[in-house]
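Reviewing the structure listed below.
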Amino acid sequence: MKRTFFVLVAALAPFHGVTGAPAQVHPWAPAGVSSELFESHAAFDPRTGDLYFVRSSKSFSGWRILTSHCNGKAWSTPAPAPFAANGTEADPWFTPDGKSIYFISTRATGSQKSRDLDIWRADRAEDGHWKPAERLPAPVNSDEAEWFPRLAPDGWLYFGSNRPGGFGKNDIWRAREASPGQWIVENAGPAINTAGNEYEPLPSPDGKRLILMADGGLYESRMTPNGWSPRAKLGPEVNVNGSEIGALFSPSGNSLMFARDTGEPKSGEFFVWQPQGQEAWPPTCGVSPRQATSARR
């Protein structure tokens with residue numbers, strides 16, 4: 001199974017670092033996590049610091065959610081997520097309080113078909129263990145694929161979907177639980193969606209920005225009094241070849257991690273963009289902050 005990426009020509013947004021020069025992007029390839037396969041869609045557990053991520057084949061198929069723990073010296077050998085089930089699973093995301101994790105899965109059918117991907121949520125028990133995951137009800141989930149569930153600070157759950165009624169192919173949608181068990185679902189609108197594909201929406205921690213992965217790479221929209229502004233493509237320091245996916249904000253919202261298909265021999269790898277200047281994120285393991293800073297120069 002593979003998401004297909006098409007390169008579009010779009011206006012470049014003028015994102016710059018604190019010096020006024022374009023902010024640089026650096027790779028993040030921790031030993032024990034980085035492999036010859038495709039790593040993407042990172043998420044850090046706010047309570048334990050554990051890293052959850054997706055590993056797939058070099059051709060970006062066979063997605064599985066893995067987790068790794070920092071033992072103080074190194075990241076542990078990645079193992080299946082504690083809530084893993086049969087089928088394809090991807091796109092993990094923690095709520096800021098660490099009480100819940102959202103992800104997509106075909107576990108209801110056990111198939112590898114993308115149209116069977118639904119949004120699931122697992123909640124934490126009082127002892128810290130994960131309760132059995134639950135599938136979100138219709139109309140949040142549909143008979144088509146759902147992608148990349150991300151909860152905004154205002155309570156809207158943003159996600160991608162190939163369901164009918166959009167502006168094109170896959171679109172960005174959002175859902176809110178109006179009352180227990182009763183959900184409102186609506187399209188995110190023409191400022192975000194086009195006749196092409198929009199897969200992955202990421203609201204910023206303060207809710208004022210939206211990063212989305214669409215045909216051609218990563219874009220950004222900003223919240224205005226009238227809703228989301230027309231999206232603008234992030235600059236060439238981020239969008240190198242249009243394969244950029246799986247964006248994740250740091251808790252401050254000042255850094256952005258994503259994955260990019262770098263081709264042979266390593267395929268998908270993580271990268272970090274810090275347009276506001278360096279901050280101590282992503283978490284280091286077995287490396288002092290001074291060593292981590294030196295390694296990036």
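Viscosity 0.692 mPa s, temperature 37 °C: Stokes-Einstein D of the stretch 25-296 from its Kirkwood Cα radius, in µm² per second?
Working: Rh = 18.9 Å.
Diffusion coefficient, whole number: 174 µm²/s.
Assuming a viscosity of 1.567 mPa s and a temperature of 4 °C, what translational diffusion coefficient in µm² per second does Stokes-Einstein assign to the stretch 58-116, Rh being the Kirkwood radius over Cα pairs?
On the way: Rh = 12.9 Å.
Using the Kirkwood radius from Cα pairs, D works out to 100 µm²/s.
Hey, how many Å between the Cα centroid of the stretch 163-218 and the Cα centroid of the stretch 64-124?
Between the Cα centre of the stretch 163-218 and that of the stretch 64-124, the gap is 21 Å.
Go ahead and run the numbers for FRET between E36 and S61, Cβ-Cβ distance against an R0 of 22 Å, rounding to 0.05. Before the final figure, lay out each step's value.
Values: r = 15 Å, r/R0 = 0.68.
After rounding, the FRET efficiency stands at 0.90.
For K113, K58, K233, which order do you get if you count the other beta carbons within 10 Å of each Cβ and list the fewest first?
Details: K113 12, K58 15, K233 20.
Listing K113, K58, K233 from fewest to most nearby Cβ atoms yields K113, K58, K233.
Counting other C-beta atoms within 10 Å, which of V54, V185 has the fewest, and how do the rest follow?
On the way: V54 26, V185 18.
Ranked by crowding around the Cβ, least crowded first: V185, V54.
What is the spin-label model distance, in nm, from E126 to D97 if the labels are put 7 Å beyond Cα along the C-beta direction?
For the pair E126/D97, the computed spacing is 1.6 nm.
Fully extended, how many nm does the chain gain between A29 and R176 (0.36 nm per residue separation, minus their Cα-Cα distance)?
Details: separation 147, 0.36 × 147 = 52.92 nm, distance 3.61 nm.
Here the segment from A29 to R176 would lengthen by 49.3 nm.
Read the figures in this text as sums done on the coordinates, not as results from a lab. Fair warning: this is a prediction, and the values are worked out from it, not measured in the lab. Virtual Cβ from ideal backbone geometry, glycine too; neighbours counted across all protein chains shown.
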